[in-house]
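See below for the structure under consideration.
Since every read-out is calculated from the coordinates, none of them should be taken as a lab result. None of the values given here were measured: they were computed from a predicted structure. When we count neighbours, we look across all protein chains shown, and the Cβ atoms used for this are built from the backbone with ideal geometry, even at glycine.
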Amino acid sequence: MIIGCLNLERCYLCSQFKNLLMAKDILKGGEFLIKESEPSDVFIPEEISEEQKMIAQTCSDFLEAYVYPNLDRIDNQEEGLMKHLLQKSGELGLLAISVPAEYEGFEQSFVTSMLASEYMGAGYSFSVAYSAHTGIGTLPIVYYGNEQQKQKYIPSLATGALTSAYCLTEPNAGSDANSGKTRAVLSEDGKHYILNGQKMWITNGGFADLMTVFAKIDNDRVLSAFIVERAFPGIIFNAEEKKMGIKGSSTVQIFFNDCKVPVENLLGNRGEGFRIALNILHMGRIKLGGTVLGAAKRTITQSVNYANERKQFGKSIAEFGAIKHKLAEQVIKTWVTEASVYRVSHSIDEAIQNLIETGVPKGKASIDGIAQYAIEAAFLKVFGSEALSFIVDEAVQIFGGMGFSSETPVDRAYRDARINRIFEGTNEINRMLVVDTTIKKSLKEGFDVSRYSKSILKSMEEPVTESISTNYYEEKKFFIKNFKKATLLLLGEVSETYQRSLTNEQEVLFNISDMIMQVYAAESALLRLQKLENIKGTDEMAIYKDIVDVFIYEAADILYKSGKDAINSFAGDKNYFEKLLSYLERLTTIKPVNIKEARRRIANYLISENKYKF
């Protein structure tokens, strides 16, 4: 019997679940911690339409025809090749998926653009160039440009006639972007801004025709943004950086020496640059969560292909339990990431549509809809990039000695995956953002985490004798509800303990952040499973229940370990420490699962299909 709160009338948090469950409004960013969702509330990949599948197939066909046959040429940075490939993808409409129709685009949903990102994510270095162009390169002008700027630049960006880059990072301004030293001064005749400064790690910088450049005007404390053409005088491009991975991606330093930028190329309003940068980064983070899926699925297929072919001790290595464990974990992490990414993508689409219906212009609605899910964007960037890191590392291990050879495909996959934990803000920065943003947003939007924490503490002190439901979904929902309570309990306690100094307690922030992302991932996986069963029926669900069983089993341990580490860090009083630890243990206890057999069944299905087909 698992002890926990089942009495909706007695527990404040549960009563909030009950009341909020009856509400029809869309789940806002971060609200998953205090609200329950039903399968009907979420979008799952199995609901992708035929039209969306055609776009995905076009992406896949493009990679097969133009990218995979040329991977060595791409990695050698053959002059003009990457730009040519981007332009070729533009001819197929693949650069215009998120561009409004009035500017030669297809104006597809966020879910559709995420699907394209997923499929292009299997394209190694090309996927980096593609993502930079279609995302951070094009969308600042789509969302913040005035009509003249949009008419001038966006159609050419949509077709690939112009390629783009995003210039934010500086040698001493990485994670602290607003500390950048690049300056803009108005010319004496008032017709130009004169830019001086240095940018580094600029993706597509070696060939981009157009750049969004961030600088401070005069002595402003915050950034402004400018649309800068490559042909403007006063720009120097350094040689290509030599990198560990994504070798085919153009990455350069750019120097602006009295670069003359027409005043009409100021993007947005003066001083709005930091907001532009932040909102575009939200989009980049969540898109990265989708991009890693393509790389993950391709790597899993390569792993199982090799495991089926490689013979040791008279049989294929796929028959060994150790290899099955690795293959199954690769699948679990990918399937759960996918459930989480498409869940939030659909939420973004709903938020955008809601804003449009209230009269908000499409561009502003889009950026505000994405920004609403800044918390999810930050932790899914972390979750997805770390899932891919695990997957490619295990792929090298499955290949054994051959995995360390550059002759095998996992060599490139391993090296190229490493950057994702640094891109779009390091995972450490994003972990801190998750907690900080959750606390701030909770206060702004009506639920005080300290109040929830105290309510949970009070409810835990009361004896509970009810046993959990024997229904599979009710049982799992019960566990996840307890996971939420554990997370809210500690979120409130650390917030109250450290208050304004919480930002200095980075280790504790990491603990709570890891708990938050496990809760969202576990709930997303369960909702996907339940909705999938509603679509396909019970007979086909066994393998997916194994995935969910193992993930929730592992999530419980992560939640307990992360929570315990946090408690050890701030709960000095012995009685307080023991009380919190006992509550944490109760809230993270689940029924036993034979994870060995569950993993073997997952692996056996993958082995029989000889490709990722979940």
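Summary of values
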| item | result |
| --- | --- |
| Listed peptides 476-482, 288-294, 223-229 by packing density, highest first (mean Cβ within 10 Å) | 288-294, 223-229, 476-482 |
| Those trypsin sites (Lys or Arg not before Pro) in the stretch 232-288 that DSSP places in a loop and that have at most 16 other beta carbons within 10 Å | Lys242, Lys243, Arg270 |
| Cross-link reach list, lysines versus Lys260, counting only Cα pairs under 28 Å and skipping chain neighbours closer than eight places | Lys83, Lys150, Lys152, Lys181, Lys191, Lys199, Lys216 |
| Size of charge dipole - the stretch 24-117 - debye, nearest 20, with Cβ of Lys, Arg +1 and Asp, Glu -1, no other charges | 180 |
| Listed peptides 500-508, 92-100, 149-157 by packing density, highest first (mean Cβ within 10 Å) | 92-100, 149-157, 500-508 |
| Pairs beyond 18 Å (Cα-Cα), from Lys458/Lys579; Lys333/Lys441; Lys440/Lys476 | Lys333/Lys441; Lys440/Lys476 |
| Euclidean distance between Cα centres, the stretch 340-357 to the stretch 518-592, Å | 26 |
| Net lengthening on full extension, Thr538/Gln87 (0.36 nm per residue, minus Cα-Cα) | 157.8 nm |
| Per DSSP, loop GluC sites (Glu not before Pro) in the stretch 423-465 with at most 12 further Cβ within 10 Å | Glu445, Glu461 |
| Which of Leu584, Thr487, Asn279, positive extreme of dipole for the chain (C-beta unit charges) | Leu584 |
| Over the stretch 321-476 - Rg/Rh using Cα atoms and the Kirkwood inverse-distance radius | 1.09 |
| Cross-link reach list, lysines versus Lys53, counting only Cα pairs under 16 Å and skipping chain neighbours closer than eight places | Lys613 |
| Descending Cα extents along the principal axes, the stretch 103-225, whole Å | 46, 32, 25 |
| Options Ile422, Phe106, Leu71, ranked by Cα towards positive dipole end of the chain, top entry (Cβ charges) | Ile422 |
| Of the chymotrypsin sites (Phe, Trp or Tyr not before Pro) in the stretch 231-317, those whose Cβ has at most 15 other Cβ within 10 Å and which sit in DSSP loop | Phe313 |
| Helix 427-444 vs. the chain, principal-axis angle (Cα, 0 to 90°, nearest 10) | 70 |
| Range of Cα positions in the chain per principal axis (Å), largest first | 78, 62, 44 |
| Bins of 10 Å, starting at 0 and running to the largest distance - Cα pair percent for the stretch 88-149 | 21, 58, 19, 2 |
| For the stretch 140-174 versus the stretch 363-418, the gap between their alpha-carbon centres in whole angstrom | 25 |
| Projected area, mean over directions - the stretch 508-562, Cα convex hull, nm² | 3.4 |
| Globularity ratio of the stretch 483-609, using Cα Rg and 2.2 N^0.38 Å | 1.28 |
| Greater than 26 Å apart at Cα, pairs in Lys35/Lys596; Lys454/Lys481; Lys35/Lys531 | Lys35/Lys596 |
| Taking all pairs of distinct alpha-carbon atoms in the stretch 166-271, Kirkwood radius in angstrom | 13.9 |
| Spin-label pair Lys315/Glu272, simplified geometry with 7 Å Cα→Cβ offset, distance in nm | 6.5 |
| Net charge dipole size for the chain [Lys, Arg +1 and Asp, Glu -1 on Cβ; Debye, nearest 20] | 820 |
| Sorted by Cβ density within 10 Å, fewest first, the residues Ser89, Ser455 | Ser455, Ser89 |
| Which of Leu388, Leu266 has the fewest Cβ neighbours within 10 Å, and the rest in rising order | Leu266, Leu388 |
| Top positive-direction residue, dipole computed over the stretch 166-271 with Cβ charges, set Asn269, Phe214, Ile246 | Ile246 |
| The stretch 46-163: proportion of alpha-carbon pairs further apart than 23 angstrom, % | 27 |
| Sequence-separation-based contact order of the chain, relative, with Cα cut under 8 Å and 6+ spacing, percent | 16 |
